[in-house]
1. Carbon and sulfur: what percent of chain B's accessible surface (1.4 Å probe)?
2. Output the direction-averaged projected area (hull surface divided by four) of the convex hull of the alpha-carbon atoms of chain A, in nm².
3. For the pairs B:Lys42/B:Lys78; B:Lys42/B:Lys70; A:Lys18/B:Lys42; B:Lys77/B:Lys102; A:Lys18/B:Lys24; B:Lys24/B:Lys102, flag any whose C-alpha to C-alpha distance is greater than 19 Å.
4. Would you mind getting the accessible area per residue of the protein assembly as shown, heavy atoms of the protein chains only, 1.4 Å probe, in Å²?
5. Taking every alpha carbon pair in the protein assembly as shown, what does the distance histogram look like in 10 angstrom bins from 0, in percent?
6. Tell me what chain B gives for mean residue ellipticity at 222 nm when only DSSP H runs of n ≥ 4 count, each as -39,500 (n - 2.57), the sum divided by the residue total, rounded to 500 deg cm²/dmol.
7. Leaving out ligands, DNA and RNA, and with a 1.4 Å probe, what % of the accessible surface on chain A is carbon or sulfur?
8. Can you pull the mean other chain C-beta count within 10 Å for peptide A:41-48?
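The values are calculated or read from the model by the stated rules, or taken from the named source; none is laboratory data. All values derive from a computational prediction rather than experimental measurement. With ideal geometry, Cβ positions are generated from the backbone for all residues, glycine too; neighbour counts draw on all protein chains shown. We work out accessible area using only protein heavy atoms, side chains counted, and drop any ligands, DNA or RNA first. Shrake-Rupley method; radii C 1.70, N 1.55, O 1.52, S 1.80 Å.
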Amino acid sequence: MPKKPIIKYTNTDFDSIKQALVEHAKRYYPDRYNDFNQSSFGSMLFDMISYVGDTLSFYIDYQVNESFLETALEYTNIRKIASQMGYNFYGKAAAFGTVDVFVLVPAISGDLGPNTALIPVLKKEPYLIPLEVQVIP
Amino acid sequence: MIHTPQFPLSLGSKTLFSEADNTKQVVLFHLRNLILTNPGEKISDPDYGVGIRSYLFENITRGVLNNIAKDIDLAIKKYLGYIDVTNITVASPPDSNYVSVKVSFEIPSIDISDDLLLEVSNT
């Protein structure tokens, strides 16, 4: 029973795939094809097949790298792997805005003005809570 | 004997695709490919090709025609070392939109000599 041709699975880049294809043709089809010049029609076919092989190898490597947090590059993949590990990702907020906070400062009993004892507390964030607006006598 | 499919491909009687009839046909095919290929077009060798179409929009002068002939000669020496070029003639008639190339060659080892005639235009 004839043996199957040996396929080298370590050839993953353009040059090595083309080299392997040329060797394969020389070994198994010497009486069918023997024009290995750069200008030949077969050279174009070897180039195109090697191109496809190189592209497939690239994407296999890329997909494997994207499976691990250490080597993943794409944002969504990193987020999904982190999610598997229990990281809760809330994403971006749908909207944002500024909030004004008002505080009612009680007037001092028996007097007309505000309770001045609270002024040091209110002055901590004077730009957020303008005292003159907030104070209701 | 060179075994290679004839281009354009057609179904053959003995083999799946009909083969080139003789060596001269294969050599002419090689030469035509080399002259008409633009550098960068061939994946495995970006330097391969003369890129004659890149000259089509040049102002055709004697110097440009000489450059084309020189490029063809250099490319043949580099990629088709098995043939000896005896003469290269490049011409472009006035007010015409094409360049005609004639490459005369011989292969002494198998006693072949022939001319390749090409007219390259932008159509």
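1. 51 percent
2. 19.0 nm²
3. In this structure, B:Lys42/B:Lys70; A:Lys18/B:Lys24 lie more than 19 Å apart at Cα.
4. Per residue, the protein assembly as shown has an accessible area of 71 Å².
5. 5, 17, 18, 13, 10, 8, 6, 5, 6, 6, 4, 1, 0
6. Value at 222 nm, helices only, nearest 500: -8500 deg cm²/dmol.
7. Values: 6990 of 11220 Å².
Answer for chain A is 62 percent, counting heavy atoms of protein chains only.
8. Values: counts 12, 3, 7, 7, 1, 2, 4, 1.
Whole-number average of other-chain Cβ neighbours for A:41-48 is 5.
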